[in-house]
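See structure below.
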Amino acid sequence: MSANLKDPCAARVGCPPVIAALADDELATKRIEAVLESDGLCVETRVLDVEDLGDGDVPTPDVLVVAFGRGITERDHQMRRLRKSLPNTHLIAVMPEDSRRGVRRALEAGADGVVFENQVESTLTLTVRAVLAGQTAVPAAGRHEVDRPTLSGREKQVLGMVVMGMSNKTIAAKLFLAESTVKCHLSSAFSKLGVRSRNEAADLILHSGVGLGLGLIPPPDAYATTEGSEQ
């Protein structure tokens with residue numbers, strides 16, 4: 001469902017840029033619309049379903065402001081889908097401040113800007129103008145999250161084996177480590193990546209394009225033939 005807004009945009013000749021708001025909550029889209037229009041920006045379209053952006057009736061926006069709920073993994077998936085379907089649109093994620101690494105994860109998933117829900121009124125317009133100028137804009141509190149994490153060689157190696165589907169027990173056997181040591185490496189790596197589980201770590205590495213950037217080290221070939229049976 002989408003609604004083309006006639007006012008106040010219709011009263012102005014040529015209303016660039018084209019801005020759309022996407023949320024599953026109409027109150028959230030109205031909040032976004034009100035904030036931007038109070039600062040002189042025109043929201044052309046409210047979108048309640050991402051599929052509406054490709055139906056031909058809604059113009060491809062220059063900026064899409066997306067109000068995300070909680071649930072970091074689902075948020076990442078949705079942002080990646082939007083980036084794939086709208087490669088030339090500036091994407092701004094409006095989201096709760098609910099993760100240490102949430103800002104970096106949003107950027108890696110495809111966002112050009114991030115706004116925390118409790119800062120919409122004070123920062124959304126500035127963020128829209130920044131991304132239109134070709135900048136990446138994030139909350140000051142998240143500025144240290146923008147750079148990719150620095151992982152130790154062992155953390156990279158253990159993560160690479162996690163992505164391959166190996167259990168902690170198998171990883172420990174292959175690397176001649178105690179299982180508790182493997183868990184320690186994973187805990188440290190998870191903290192740096194901003195994830196909470198093996199599945200989230202594997203999903204981040206496989207689908208967000210950070211795998212090569214992390215330089216994951218595969219298990220030594222010499223160990224590949226020594227794998228025992230899994231429980």
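Every number in this text was worked out from the coordinates using simple rules, so none of it is lab data. As the structure is a computational prediction, the values presented were derived from the model and not from experiment. Virtual Cβ from ideal backbone geometry, glycine too; neighbours counted across all protein chains shown.
Values as computed for the structure displayed
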{"quantity": "Difference of contour (0.36 nm per residue) and Cα-Cα distance, Ser152 to Ser188", "calculated": "12.0 nm"}
{"quantity": "Peptide ranges 114-126, 168-180 listed from the most packed, as the mean C-beta count within 10 angstrom indicates", "calculated": "114-126, 168-180"}
{"quantity": "Extension reserve of the Glu117-Asp39 stretch, reckoned as 0.36 nm per residue once the Cα distance is removed", "calculated": "26.3 nm"}
{"quantity": "FRET efficiency, 1/(1 + (r/R0)^6) with R0 25 Å, evaluated for Asn88 and Arg196 via beta carbons", "calculated": "0.15"}
{"quantity": "Derived scalar couplings ³J(HN,Hα) [the stretch 118-129; Karplus, 6.51 cos²θ - 1.76 cosθ + 1.60; whole Hz; x for Gly, Pro]", "calculated": "7, 10, 4, 4, 8, 10, 5, 4, 4, 5, 4, 5"}
{"quantity": "Per-residue ³J(HN,Hα) for the stretch 183-200, Karplus 6.51 cos²θ - 1.76 cosθ + 1.60, θ = phi - 60°, Hz, x for Gly and Pro", "calculated": "4, 5, 4, 5, 4, 5, 5, 4, 4, 5, 7, x, 10, 10, 8, 4, 5, 5"}
{"quantity": "31 Å Cα-Cα threshold exceeded, pairs from Lys30/Lys192; Lys84/Lys156; Lys30/Lys84; Lys169/Lys192", "calculated": "Lys30/Lys192"}
